[in-house]
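The values are calculated or read from the model by the stated rules, or taken from the named source; none is laboratory data. Just so you know, these numbers come straight off a predicted model, no measurement behind them. For neighbour counting, all protein chains shown are included, and Cβ atoms are generated from backbone atoms with ideal geometry for every residue, glycine included. Quick note on the areas: whole protein, heavy atoms, side chains included, nothing else; ligands and nucleic acids left out. Shrake-Rupley method; radii C 1.70, N 1.55, O 1.52, S 1.80 Å.
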Amino acid sequence: PAALPPFLTSVLEAAKASFAQPLAGISTDGQVREGLFPLRATGVTTAPILDAAREFLSTLDAAQRKKVVFDTEAVERRMWFNIHPNVFRHGLMLEDLAPPQRKAALQLMEATLSARGFAQARDVMRINALLIEITGKARDYGEWPYFVTLFGMPSADVPWGWQIDGHHLNLNFFVLGDQLVFTPSFMGSEPCRVDHGHLAGTEVFVPEARAGLALVRSLDAAQAGKAVLHRSILPDDLPPELKHPVDGRMAAGAFQDNAVIPYTGVRADALSDAQRRLLLALVGTYVGWAREGHAGVKMAEVES
């Protein structure tokens, strides 16, 4: 569209090309490793998520339900995008919902995320509204221009999922029985700390930053030489693939469902026991966005 920034033209064309390819998943060499993430019982109930999804649907009229529920294999599952122009959006926008409907949508998010994950997601949304004051662009930002979509009807035994998508908040969930898969997921913010005004004291990504610094500061020179890939994050110090106009330094952002990302960095078996604990703590800050019991299941997979 003419209203979009010119640099997005090539990005959107690449996105359309990616949708035309079958979903294979991210790999290190382009080869799918069968059985790496098996379907299995976890012993952790997904009933609160199921109940919240059904409650959300009950607040909608027939036209809204038709707009918000897609097939589980719909290509829209791959159409999340961390930018503020609303391209590739679908489902129902929170801004367009009546207060009880919006409350039910937030309760679905609250039921799926941990207390910390939900609080951070809501702060990301509130800071997105603060960007109106900073930029003066009320059409681009706000607390509520986030789109909710369901993939399949919520069920206790049939696969289904849901997604919330918007600027700096892109969360995708897949549910089968008592198994919850939380990927791809992205939270971001700019700024990350608010010092003035009605949001004064709001700060996001504190645990993530603290855990990351603790790990990197524990590395000796040889370990850091492998773990730190580039001298700085300034454009002149980065290779072309890390200068994407939207993804920037992310290796697997939007429309990179089949990205091939070779192993780099320092292996965990080259770390001390104490450093491995710091690594697990760092991973746990991100896995911990998910509902507590399901986060525990995932961390057990990571540890194994």
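In region 216-268, how many are among the aromatic types (F, W, Y) and touching a strand residue (DSSP E or B) at 6+ places or on another chain (Cβ under 7 Å)?
Taking region 216-268 and keeping what is among the aromatic types (F, W, Y), we get 255, 263.
From what is left, the residues that are touching a strand residue (DSSP E or B) at 6+ places or on another chain (Cβ under 7 Å) are none.
Looking only at that region, the number is 0.
Go through (1) open to solvent by less than 20 Å² (accessible area, probe 1.4 Å); (2) more than 16 Å from V69 (Cα to Cα); (3) of a type in the set (A, V, I, L, M) for A115 and report which single condition fails.
Here A115 meets the rest and fails (1).
How many residues does region 256-300 hold that are touching a residue at least 12 places away in the same chain (Cβ under 8 Å), open to solvent by less than 70 Å² (accessible area, probe 1.4 Å) and part of a helix (DSSP H, G or I)?
18
I need the full set of residues from region 68-112 which are assigned to a helix (DSSP H, G or I), over 20 Å from P184 (Cα atoms), open to solvent by 30 Å² or more (accessible area, probe 1.4 Å) and not polar (S, T, N, Q), in order please. Working first, answer last.
Keep residues of region 68-112 that are assigned to a helix (DSSP H, G or I), which gives 68, 75-78, 94-96, 99-112.
Adding the requirement that they be over 20 Å from P184 (Cα atoms) leaves 94-96, 99-104, 107.
So of that shortlist, the ones also open to solvent by 30 Å² or more (accessible area, probe 1.4 Å) come out as 95-96, 99-100, 102-103, 107.
Hits for region 68-112 are E95, D96, P99, P100, R102, K103.
Quick check: anything in region 221-236 within 25 Å of T149 (Cβ to Cβ), at pLDDT 95 or above and not basic (K, R)? Outline the logic, then answer.
Narrowing region 221-236 to residues within 25 Å of T149 (Cβ to Cβ): none.
No; the residues of region 221-236 include none that is within 25 Å of T149 (Cβ to Cβ), at pLDDT 95 or above and not basic (K, R).
Which residue, of G35, G30, G25, is closer than 19 Å to N170 by Cα, assigned to a loop (DSSP other than H, G, I, E, B) and either in contact with a strand residue (DSSP E or B) (Cβ under 7 Å, 6 or more places away or on another chain) or not charged (D, E, K, R) (or both)? Reasoning before the result, please.
On the way: G35 fails: closer than 19 Å to N170 by Cα; G30 fails: closer than 19 Å to N170 by Cα.
When all the criteria are applied, what remains is G25.
Residues in region 60-67: is at least one within 21 Å of the chain's Cα centre (by Cα) and either within 30 Å of G177 (Cβ to Cβ) or modelled with pLDDT of 95 or more (or both)? Before you say what the answer is, go through the steps one by one.
Just the residues of region 60-67 that are within 21 Å of the chain's Cα centre (by Cα), to begin with: none.
Looking through region 60-67, none of the residues is within 21 Å of the chain's Cα centre (by Cα) and either within 30 Å of G177 (Cβ to Cβ) or modelled with pLDDT of 95 or more (or both).
Condition first: closer than 26 Å to Q163 by Cβ, outside any strand (DSSP E or B) and of a type in the set (S, T, N, Q). Now tell me which residues in region 179-223 satisfy that.
Listed by number, the residues that qualify are S189, T202.
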